[in-house]
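Student: My questions will all concern the structure given below.
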Amino acid sequence: MSYKLPIGNWVAAGVDWLEHNDHGLFDKIGKVIDASTGLIESGLAFIPFWLLALIFIGIGYWRLGWKFALFCAASFLLIANMGFANQTVVTLALIFSATLISLTLGIPLGIWAGRNDSAEAVIRPILDFMQTMPAFVYLIPAAMFFGLGRVPGVIATVIFAMPPVVRLTSLGIRQVNKEQVEAGIAFGCTPTQLLFKVQIPSAMANLFAGINQTIMMALSMVIIASMVGAGGLGNDVLSSISRLDIGLGFESGLGVVLLAIMLDRITESFGVKRPVR
Amino acid sequence: METTSEAKVVVKNLYKVFGNKPDTALQMLYDGKHKDDVLRETGQVVGVLDASFEINQGEIFVLMGLSGSGKSTLIRLLNRLIEPTAGSVIVDGQDVAKMSKENLLNLRRKDMSMVFQSFALLPHRSVIENAAFGLEIAGVELKEREQRAMQVLEQVGLDTFARHMPSELSGGMQQRVGLARALTVNPSLMLMDEAFSALDPLRRTEMQDVLIKLQQEQKRTIVFVSHDLDEALRIGNRICIMEGGRVVQVGTSDEILQRPANDYVKAFFNGVDTNKYLTAKDIAQKEQVTIFERPDDPANGFSAALERMRLYDRVYAFVLDEQQKIVGIVSAESLVHCINQGGKKLRDALLPGDFAIPENTPLNQILHKVVNTPCPLPVVNAYGEYIGAITKTALLRKLCKEKLA
């Protein structure tokens with residue numbers, strides 16, 4: 001076959017057209033994301049680093065016991081000692097805003113997909129696309145639309161981090177015991193009552209697993225997003241690569257790993273069990 | 001079928017076709033085609049086929065059949081968990097099949113409830129929250145609904161577990177919660193889909209007793225799906241036998257036993273003929289509590305008897321004399337009654353009647369007696385010595401097995 005479909009040309013033309021004809025809309029979206037991320041960041045920055053550490057330690061103790069609290073304390077001490085306190089706050093803010101956006105969009109989408117087969121049929125390939133398309137491919141157009149900085153970083157992160165919560169919410173809704181759903185209907189539930197009193201509570205474990213995965217994905221993507229100037233720990237990773245500074249690379253990488261372990265265990269604990277009282 | 005004044009539910013020419021072309025399939029059925037032909041030609045699965053029957057006010061109506069006979073589909077057509085394809089389901093004069101969504105919600109909330117095979121409790125809610133679920137859906141405020149739920153939990157003996165989670169309870173207790181949830185809305189019609197089938201035989205009997213007791217306190221109309229013959233005979237006022245989506249016969253157990261409509265019904269109820277050569281001895285088992293009568297015992301053996309019955313979780317015990325001969329049967333109730341009346345001997349607590357079955361009696365001759373006696377029956381040899389007992393379950397299981405073999 002000698003004829004090549006000009007898919008690349010079409011997409012490039014589409015992006016070009018969007019950039020010139022819809023600039024106002026992207027600007028507004030960008031401003032909202034920028035403002036909210038900025039708010040979260042300044043909010044987190046307002047909290048002293050030691051207090052942030054205390055919050056993690058406290059939640060760690062509440063959810064998982066004193067051993068994990070000790071681990072949190074050691075991690076924060078190490079992060080501060082390596083000099084990554086400020087970057088960690090910025091990274092956390094990026095993760096929070098990206099996760100917040102992912103969940104606000106993702107959970108309702110997941111519920112919709114869980115209750116409606118045609119919705120599921122449309123949403124699934126889009127999720128595959130979002131998860132597997134290499135991040136750099138949309139990182140660059142995102143930077144073109146929104147300029148460099150944290151906005152394209154957050155958007156790229158949302159694209160990458162949203163699919164797990166959609167998938168697992170949908171799965172959770174679909175896996176609710178058939179007789180439990182029947183019981184809901186038999187006792188006179190409206191579709192809304194059925195959703196909030198039967199389906200969502202029963203899907204909670206899956207929902208939390210989805211939230212946990214979304215946060216982990218957000219963390220890994222936030223590092224890559226520093227390439228478009230999102231800031232945070234990723235900056236240090238990036239500059240260590242460009243300067244071939246193996247020491248700095250390992251230190252900043254370690255900071256990311258510690259943050260990841262803390263976020264993972266804490267969010268996971270909400271889905272698995274009730275706190276030990 | 002004429003409508004009598006005491007009919008609670010009237011089902012008329014009810015059909016359910018599963019698939020994307022129900023109308024085509026329905027037309028073929030109306031034209032007299034067999035449901036297997038419908039499946040082959042159109043790919044439509046016929047679940048319920050031209051079902052018509054009436055359920056009387058205040059009776060326990062058992063839907064019986066093998067798996068795949070359409071009984072679970074049929075019970076779900078009564079509250080429209082499954083949409084009927086054609087026909088009508090008239091409950092208290094209203095056609096459930098045609099009523100508006102709003103009326104249907106109202107009916108489900110106020111006057112109909114359901115108990116499920118897998119219990120279907122909501123795992124994130126405590127026992128009392130589960131029991132109050134129906135009232136919560138109907139918008140009854142917290143205090144009132146918990147009060148009403150608590151009353152029902154008392155009735156089923158679970159009031160002390162109100163704040164526990166369902167996962168902390170045994171299967172039998174979980175189904176009591178399921179029953180409480182259905183009773184709390186105070187429905188006049190209760191649907192029970194294989195409600196006790198997931199329980200072990202002992203718990204199943206216990207739950208049947210709970211149901212019968214509740215039914216004595218307040219008459220409700222109960223539709224009970226079961227594949228267990230013993231259960232149907234025990235609790236059903238009338239039994240409806242289904243085969244392949246069709247209602248084959250409706251009647252009391254005696255009517256069906258005496259005049260089975262076809263071989264399928266016979267297979268269910270009447271394995272007897274093939275079992276002439278089996279005798280009482282063959283299925284007698286020594287699993288019952290036996291008590292020896294000791295005339296010289298100053299304590300009369302009352303408390304020991306009660307304690308042993310409690311230990312083995314039995315309601316009846318056989319009294320034997322020292323030569324192993326059967327003296328009679330006592331129940332926990334008769335013992336307690338006798339103690340209260342100041343009785344001196346175990347003999348005073350015996351249940352009236354002659355229960356002993358000679359060991360060489362053919363099974364087909366004892367079917368009636370076993371089915372119609374509440375307690376297990378003792379089997380005795382030629383010398384009158386106790387050799388074992390026959391329970392309903394053991395007898396019916398034997399009959400079913402022989403039939404299948």
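Every number in this text was worked out from the coordinates using simple rules, so none of it is lab data. All figures in this text were calculated on a predicted structure; none of them were measured in a lab. Reconstructed Cβ throughout: ideal geometry from the backbone, glycine too, with neighbour counts over all protein chains shown.
Student: Which FRET efficiency value, to the nearest 0.05, is calculated for B:ILE212 and B:TYR30 with the Förster distance at 41 angstrom and r the Cβ-Cβ distance?
Tutor: 0.50
Student: Summing +1 for each Lys or Arg and -1 for each Asp or Glu, what net charge is found among the other residues whose Cβ lies under 14 Å from the Cβ of A:SER226?
Tutor: Taking every Cβ under 14 Å from that of A:SER226, the sum is 0.
Student: As a test, work out the antiparallel percent of DSSP beta bridges whose residues both lie in the range B:148-278, rounded to the nearest 5.
Tutor: Once the DSSP bridges in the range B:148-278 are tallied, antiparallel ones form about 50 percent.
Student: Which listed residue (B:ASN372, B:GLN341, B:ALA317) has the Cα farthest towards the positive end of the charge dipole for the range B:317-405, taking +1 on Lys and Arg C-beta and -1 on Asp and Glu C-beta about the Cα centre?
Tutor: Going by the Cα projections, it comes out as B:ASN372.
Student: Any chance you could list the semi-axes, whole Å, largest first, of the equivalent ellipsoid that the Cα gyration tensor gives for chain A, using √(5λ)?
Tutor: Values for chain A, descending: 32, 30, 16 Å.
Student: Normalising by the residue count of chain A, find the relative contact order in percent from Cα pairs under 8 Å and 6+ residues apart.
Tutor: Contact order relative to length: 23 percent.
Student: Relative contact order of chain B: what whole-number percent is it, with Cα pairs under 8 angstrom and at least 6 residues apart?
Tutor: 15 percent
Student: Return P(r) of the range A:119-277 (all Cα-Cα pairs; 5 Å bins starting at 0; whole %; ordered from short to long distances).
Tutor: Calculated over all Cα pairs of the range A:119-277, the distribution is 2, 9, 13, 15, 16, 14, 11, 8, 6, 4, 2, 1, 0, 0 percent.
Student: Stick to the Cα atoms of the range B:24-68, pair each with every other, and give me the Kirkwood hydrodynamic radius in Å at one decimal.
Tutor: So the Kirkwood estimate lands at 12.7 Å.
Student: Once you treat every alpha carbon in the range B:189-292 as an equal point and sum by Debye, what is log10 I(q)/I(0) at q = 0.23 Å⁻¹?
Tutor: Cα-only, vacuum Debye calculation for the range B:189-292: -1.29.
Student: Let me confirm the definition first: pairs of Lys residues in chain A, 8 or more apart or on different chains, C-alpha distance under 26 Å. How many are there?
Tutor: Lysine pairs, 8 or more places apart or on different chains, close enough: 4.
Student: Post the alpha-carbon centroid distance, the range A:1-57 to the range A:90-108, in whole angstrom.
Tutor: 12 Å
Student: Quick one: which of B:LYS16/B:LYS101; B:LYS12/B:LYS71; B:LYS219/B:LYS392 span more than 21 angstrom between C-alpha atoms?
Tutor: Where the Cα-Cα span goes over 21 Å, the pairs concerned are B:LYS219/B:LYS392.
Student: Once you put a point 7 Å from the Cα of B:LYS219 and another 7 Å from the Cα of A:TRP62, both along the Cβ direction, what distance in nm separates them?
Tutor: My value for the distance between the label points is 5.7 nm.
Student: At B:GLU154 and A:LYS4, where each label point lies 7 Å from the Cα along Cα→Cβ, what is the point-to-point distance in nanometres?
Tutor: It works out to 8.3 nm between the two label points.
Student: Among B:MET165, B:TYR264, B:VAL38, which residue has its Cα positioned farthest towards the positive end of the charge dipole of chain B, with +1 placed on the Cβ of Lys and Arg, -1 on the Cβ of Asp and Glu, and the dipole taken about the Cα centre?
Tutor: The residue sitting most towards the positive pole is B:VAL38.
Student: What percent do you get for the relative contact order of the range A:166-277 when only Cα pairs under 8 Å and 6+ apart count?
Tutor: Once divided by the residue count of the range A:166-277, the mean separation gives 26 percent.
Student: To the nearest 500 deg cm²/dmol, what mean residue ellipticity at 222 nm is calculated for chain A from DSSP H runs of n ≥ 4 alone, each contributing -39,500 (n - 2.57), summed and divided by the residues?
Tutor: Calculated from helices alone, the mean residue ellipticity at 222 nm is -27500 deg cm²/dmol.
Student: At q = 0.19, 0.24 Å⁻¹, what log₁₀ I(q)/I(0) does the range A:110-208 have when each alpha carbon counts as one equal point scatterer in the Debye sum?
Tutor: -0.88, -1.14
Student: OK, next. When N is the residue count of chain B, what does its C-alpha Rg come to as a fraction of 2.2 N^0.38 Å?
Tutor: It is 1.12.
Student: Rounded to a whole number of µm²/s, how large is the Stokes-Einstein D of the protein assembly as shown at 37 °C and 0.692 mPa s, given Rh as the Kirkwood radius over C-alpha pairs?
Tutor: Answer, rounded: 106 µm²/s.
Student: To continue, here is another question. How many nm separate the modelled label positions at A:ARG124 and B:LYS110, each set 7 Å beyond the Cα in the direction of the Cβ?
Tutor: 4.4 nm
Student: To the nearest 0.05, what FRET efficiency results for A:ASN81 and A:PHE46 with a Förster distance of 22 Å applied to their C-beta separation?
Tutor: Approximately 0.45, to the nearest 0.05.
Student: Right, something else. What translational D, rounded to a whole number of µm²/s, comes out for the range A:1-107 from Stokes-Einstein when the hydrodynamic radius is the Kirkwood one over Cα pairs, at 25 °C and 0.890 mPa s?
Tutor: Diffusion coefficient, whole number: 141 µm²/s.
Student: Suppose R0 equals 35 Å. What FRET efficiency, 1/(1 + (r/R0)^6) with r the Cβ-Cβ distance, do A:ALA260 and A:MET144 give to the nearest 0.05?
Tutor: In this case the efficiency is close to 0.70.
Student: Mind checking which lysines have their Cα closer than 22 Å to the Cα of B:LYS344? Skip sequence neighbours fewer than 8 apart in that chain.
Tutor: The qualifying lysines are B:LYS325.
Student: On alpha carbon coordinates alone, what is the Rg over Rh value for the range B:73-197, Rh being the Kirkwood radius?
Tutor: Rg/Rh: 1.00.
Student: Pull out the extension gain between B:VAL45 and B:ARG163, defined as 0.36 nm times the separation in residues minus the alpha carbon to alpha carbon distance; nm, one decimal.
Tutor: 38.0 nm is the gain from fully extending B:VAL45 to B:ARG163.
Student: Further question: Pick out which of B:LYS219, B:LYS281, B:LYS33 has the largest mean-square fluctuation in a Gaussian network model of chain B, springs linking Cα atoms closer than 10 Å.
Tutor: B:LYS33
Student: From the Cα gyration tensor of the range A:122-161, with a ≥ b ≥ c the square roots of its eigenvalues, which class applies: rounded if a/c is under 1.5, or else prolate if a/b is larger than b/c, or else oblate?
Tutor: Prolate.
Student: Additional query: About its Cα centre, what dipole magnitude does chain B give when the only charges are +1 on Lys and Arg Cβ and -1 on Asp and Glu Cβ, stated in debye to the nearest 20?
Tutor: Here the size comes out at about 440 debye.
Student: Rounded to the nearest 20 debye, what is the charge dipole size of the range B:135-264 about its Cα centre when +1 sits on each Lys and Arg Cβ and -1 on each Asp and Glu Cβ?
Tutor: For this selection, approximately 300 debye.
Student: Further, regarding this structure: Using a Cα-Cα cut-off of under 23 Å, which lysines could be cross-linked to B:LYS398, ignoring same-chain neighbours fewer than 8 residues away?
Tutor: B:LYS266, B:LYS276, B:LYS281, B:LYS286, B:LYS369
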